[in-house]
1. Name every residue in region C:89-104 that is touching a residue at least 60 places away in the same chain (Cβ under 8 Å) and of a type outside the set (S, T, N, Q), in order of residue number.
2. From the list C:ASN101, C:ASN50, exactly one residue is over 19 Å from B:LYS64 (Cα atoms) and surrounded by fewer than 16 Cβ atoms within 10 Å (Cβ to Cβ). Which is it?
3. Residues of region B:18-35 being at positive phi and either open to solvent by less than 40 Å² (accessible area, probe 1.4 Å) or within 14 Å of the chain's Cα centre (by Cα) (or both), which ones?
4. Go through (1) open to solvent by less than 10 Å² (accessible area, probe 1.4 Å); (2) within 11 Å of chain C (Cβ to nearest Cβ); (3) assigned to a helix (DSSP H, G or I); (4) touching an Asp or Glu at 6+ places or on another chain (Cβ under 8 Å) for B:LEU62 and report which single condition fails.
5. Hey, among B:GLY46, B:GLY92, B:GLY52, B:GLY107, which residue is under 25 Å from C:TYR75 (Cβ atoms) and touching a Cys at 6+ places or on another chain (Cβ under 6 Å)?
6. Scan region A:109-129 residue by residue and report those that are among the polar types (S, T, N, Q) and within 18 Å of A:VAL97 (Cα to Cα).
7. In region B:65-82, which residues are within 12 Å of chain A (Cβ to nearest Cβ), part of a helix (DSSP H, G or I) and not hydrophobic (A, V, I, L, M, F, W, C)?
Amino acid sequence: MSGSINLKTSVRIEMVDITSSVQKEVSNSGIKDGVCTVYVPHTTAGITINEGADPSVCYDILTKLNELAPPNAGYKHMEGNADSHIKASLMGSSVSVIVENGRLILGTWQKIFFCEFDGPRSRRVLFKI
Amino acid sequence: MSGSINLKTSVRIEMVDITSSVQKEVSNSGIKDGVCTVYVPHTTAGITINEGADPSVCYDILTKLNELAPPNAGYKHMEGNADSHIKASLMGSSVSVIVENGRLILGTWQKIFFCEFDGPRSRRVLFKI
Amino acid sequence: MSGSINLKTSVRIEMVDITSSVQKEVSNSGIKDGVCTVYVPHTTAGITINEGADPSVCYDILTKLNELAPPNAGYKHMEGNADSHIKASLMGSSVSVIVENGRLILGTWQKIFFCEFDGPRSRRVLFKI
C-alpha cells in the first residue's frame, strides 16, 4: 500500500515532525506487519529520525548542518541553494521503519522528521508499506 | 520475521560490529531471500556499514565525527549529548542489506556497525527480514 | 528479483548517475509495485539521491565532502583512503526507491548517484526489487 502526505514548510530550514501523519497512513492501510519506507521526492529536503521531546535537539542539528554547509559559501551551483542539496544528501532521502501490529516501531524518544533545507515550500512525502 | 538483538556498549563513542549477530538471526529465520532492515530505536546511536578488517577505519570515522560535532560545543540541548544526536542523524537509523540463500550479501570488507554516540549503555537493535 | 550492475569510475572522487541502469533492471524484472533497494557492496563508495540537471550540484557535494574529510589529513588507517571510508558512511550504502507501475518513483529533479570515493575502479551495485 502506498500514498503521499502533503505538507507546507514555513522557513528556509526546519525539521517538521511527520510521525503522526505517517502512523495515520499505516493505520488506514490496515497492514499489520511490514516495513514502512518513507521517501522524500525532493533534492533540497531530506528525512531523519531523532529526538522529538526537546525541540533544542532539532535546533542543534540544523545549526550544525548550517555550520557544515553554510548558505552562499562560494558554491558552483548558481541557484542559491547548493547548501540545501548538500544537507539533503547528508540526511538522506528515505527512512525505513518496522511496522508491527499496525504500529510504527519507534524508540521511546524517536520521531520522524521531514527536513526542509530550502523553504518555505509545499512539499510531499511518499510512503510504501 | 522480526526480532531484536541486545548489546552493551562500554565507552561514550564506539562502533560495535554486529554482523555475526544479524547473520545468526537471518539463519534462524529460515528466510532465504529478501531484504534485512536493521533498525536502531535510539536517538543517540546510529548504524553504518563500513570496513571491518582494520580497526583504524572505525577510529578515523569516530574521530572525524567528533571533529564535525564535538561534545559540549555550545549546544542548546542541555543534556550534554547534543553532539550524540547530531552524529546519529549523520550516520542514520537503519541499514538495508540484501539476503540471498540465507546469507547477508555484504561486500568483502563490509561489516555492519552499531554506532554508540552516548555510551556506555544497554542498547537494542531491531531487525525485520 | 535481484541482480547487479557493473560500472567503471574514472577519477578518485565522482558521482555517477545510475538511474537509467536501475530503471532498466526494474523494467526487465517485470515487477510493477514494490520497493527497489540499491546497495553498494564497497567500503570506499556510497550512494545518494540528488539533483541531476545541473552537474554543479554534484561538484558542490563532492567539494564539501572533500572539505569535511580531506584526503591524507593525519588519519590512522594507513592505506591512504581513510577519507574515502568516512565519505562512504556520510552518504550511506543503500537507497530505497518506491516502484509503481514498473517505474522508479523519483522526484522531478532526482537521480540516483553512485558515489566513488577511491577511484578509478571497477565497481558493482546490487539491487533487489
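1. Residues of region C:89-104 touching a residue at least 60 places away in the same chain (Cβ under 8 Å): C:96-104.
Within region C:89-104, C:VAL97, C:ILE98, C:VAL99, C:GLU100, C:GLY102, C:ARG103, C:LEU104 meet the criteria.
2. Of the residues listed, the single one that is over 19 Å from B:LYS64 (Cα atoms) and surrounded by fewer than 16 Cβ atoms within 10 Å (Cβ to Cβ) is C:ASN101.
3. Step one: list which residues in region B:18-35 are at positive phi, which gives B:30, B:34.
Within region B:18-35, just B:GLY34 meets the criteria.
4. The number of the failed condition is (1).
5. On the way: B:GLY92 fails: touching a Cys at 6+ places or on another chain (Cβ under 6 Å); B:GLY52 fails: touching a Cys at 6+ places or on another chain (Cβ under 6 Å); B:GLY107 fails: touching a Cys at 6+ places or on another chain (Cβ under 6 Å).
Checking each option against the conditions leaves just B:GLY46.
6. To start, the set of residues in region A:109-129 that are among the polar types (S, T, N, Q) comprises A:110, A:122.
Within region A:109-129, just A:GLN110 meets the criteria.
7. Selection gives B:GLU67 alone.
Yes/no per residue for (1) of a type in the set (D, E, K, R); (2) surrounded by fewer than 17 Cβ atoms within 10 Å (Cβ to Cβ); (3) away from chain C (no Cβ under 14 Å):
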| position | (1), (2), (3) |
| --- | --- |
| A:ILE5 | no, yes, no |
| A:ILE13 | no, no, yes |
| A:VAL16 | no, no, yes |
| A:THR37 | no, no, no |
| A:HIS42 | no, no, no |
| A:PRO55 | no, yes, yes |
| A:SER84 | no, no, no |
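The values are calculated or read from the model by the stated rules, or taken from the named source; none is laboratory data. Keep in mind that what you see is a predicted model, and the values were worked out from it rather than measured. As a convention, Cβ positions derive from the backbone with ideal geometry for all residues, glycine included, and neighbour counts pool all protein chains shown. The protein model used for the area step is the full one, side chains on, heavy atoms only, and it has no ligands, DNA or RNA in it. Shrake-Rupley method; radii C 1.70, N 1.55, O 1.52, S 1.80 Å.
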